[in-house]
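Novice: Could you have a look at this structure, given as structure tokens, before my questions?
The values are calculated or read from the model by the stated rules, or taken from the named source; none is laboratory data. Nothing here was measured: the structure is a model prediction, and the numbers come from that model. Heads up, the Cβs are rebuilt from the backbone with ideal geometry, glycines too, and the neighbour counts pull from every protein chain shown. Just the protein is used for accessible areas: all its heavy atoms, side chains included, with ligands, DNA and RNA removed. Shrake-Rupley method; radii C 1.70, N 1.55, O 1.52, S 1.80 Å.
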Amino acid sequence: MNNVFGAVAELSRSQLVLRVLIFIGPVVAVLAAGPAGRWPTWWVALGIVVLSGAFAAMPETAVGAAVMLAVLAWWAGALDDGLHPAVLVAATGLLVSHLAALLAGYGPDRMPVDPALVRLWVRRGALVLLGVPLVWGLALALRGQPEQPGIWVIGVAAGLVGTVAAAVALTAGRPQEETS
């Protein structure tokens, strides 16, 4: 137990804040299913808490993917209607946790995180988060409608176009690296 407290004591203040956000995100995301009609069982909640704690301790490992997939599996399996407004809270929790882990991985535990880097990733995260209510609203509008032929192909094509556009926008104006 002293090792745990010693490791926490070695974290910079900004790293400690990031680790708390990493821990809280998936827990909030799974608990958000409660208002949607299905509170997680004690063993599901405990599993998420344990995985979230491991993710906070080791943000650069695959534990993060495991805890996020566990939350997504809970939402997919526990609810008949995945379009409850609480899904917006769950998506926000997962995104915050992911961004905090990304920032925590930028340097050693003792090193404070650069505020400019935090601002950059908060802006990027906010842009991603803008899409969440838009997609949710579209799904809500299309609920109950018969599936149109080719809709999945159109969706994948739109995702590909969006990805390419984002890549071009993020790399435009950067100097090219020289290779020898």
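Novice: Give a quick list of trypsin sites (Lys or Arg not before Pro) in region 69-168 that DSSP marks as loop, anything other than H, G, I, E or B, with at most 12 other Cβ atoms within 10 Å.
Specialist: Values: sites: Arg110, Arg119, Arg123, Arg124, Arg143; in loops: Arg110, Arg143.
The qualifying sites are Arg110, Arg143.
Novice: For region 73-78, in order, what is each residue's ³J(HN,Hα) by Karplus, 6.51 cos²θ - 1.76 cosθ + 1.60 with θ = phi - 60°, in whole Hz (x at glycine and Pro)?
Specialist: 5, 4, 4, 5, x, 8
Novice: Then there is this: Give the peptides 72-81, 50-59 in descending order of average Cβ contacts within 10 Å, highest first. If you can, show how the numbers build up before the last one.
Specialist: Numbers: 72-81: 13.8, 50-59: 19.8.
My ranking of the peptides, most packed first, is 50-59, 72-81.
Novice: Right, next: If you average the sequence gap of Cα pairs under 8 Å that are 6 or more apart and divide by the length of the chain, what percent do you get for the contact order?
Specialist: Details: 158 pairs, mean separation 48.2, N = 180.
The normalised contact order for the chain reaches 27 percent.
Novice: Return the long-range amide H neighbours of Val113 (sequence gap of 5 or more, or a different chain), with a cut-off of under 5 Å between placed amide H atoms.
Specialist: Ser14, Gln15
Novice: Another question, if that's okay. Once neighbouring chains are kept in place and the probe is 1.4 Å, which whole percent of the accessible area of region 73-180 is contributed by carbon and sulfur? Let's see the in-between values first.
Specialist: Details: 5420 of 7770 Å².
Exposed carbon and sulfur together represent 70 percent of the surface.
Novice: For region 83-97, in order, what is each residue's ³J(HN,Hα) by Karplus, 6.51 cos²θ - 1.76 cosθ + 1.60 with θ = phi - 60°, in whole Hz (x at glycine and Pro)?
Specialist: 9, 5, x, 5, 5, 5, 5, 4, 4, 5, x, 5, 5, 4, 4
Novice: I would also like to ask the following. Full-extension gain between Leu72 and Trp152, please, as 0.36 nm times their residue separation minus the C-alpha to C-alpha distance.
Specialist: Details: separation 80, 0.36 × 80 = 28.80 nm, distance 2.04 nm.
This chain segment gains 26.8 nm when fully extended.
Novice: Measuring from label point to label point, each 7 Å out along Cα→Cβ, what is the Val135 to Trp42 span in nm?
Specialist: Taking the two extended label points, one gets 3.5 nm.
Novice: State the Cα centre-to-centre distance between region 118-136 and region 77-101 in whole Å.
Specialist: Centre-to-centre distance over Cα atoms comes out at 14 Å.
Novice: Another one. Heavy-atom accessible area per residue, the chain, 1.4 Å probe: how many Å²? If you can, show how the numbers build up before the last one.
Specialist: On the way: 11870 Å² over 180 residues.
About 66 Å² of surface per residue is accessible.
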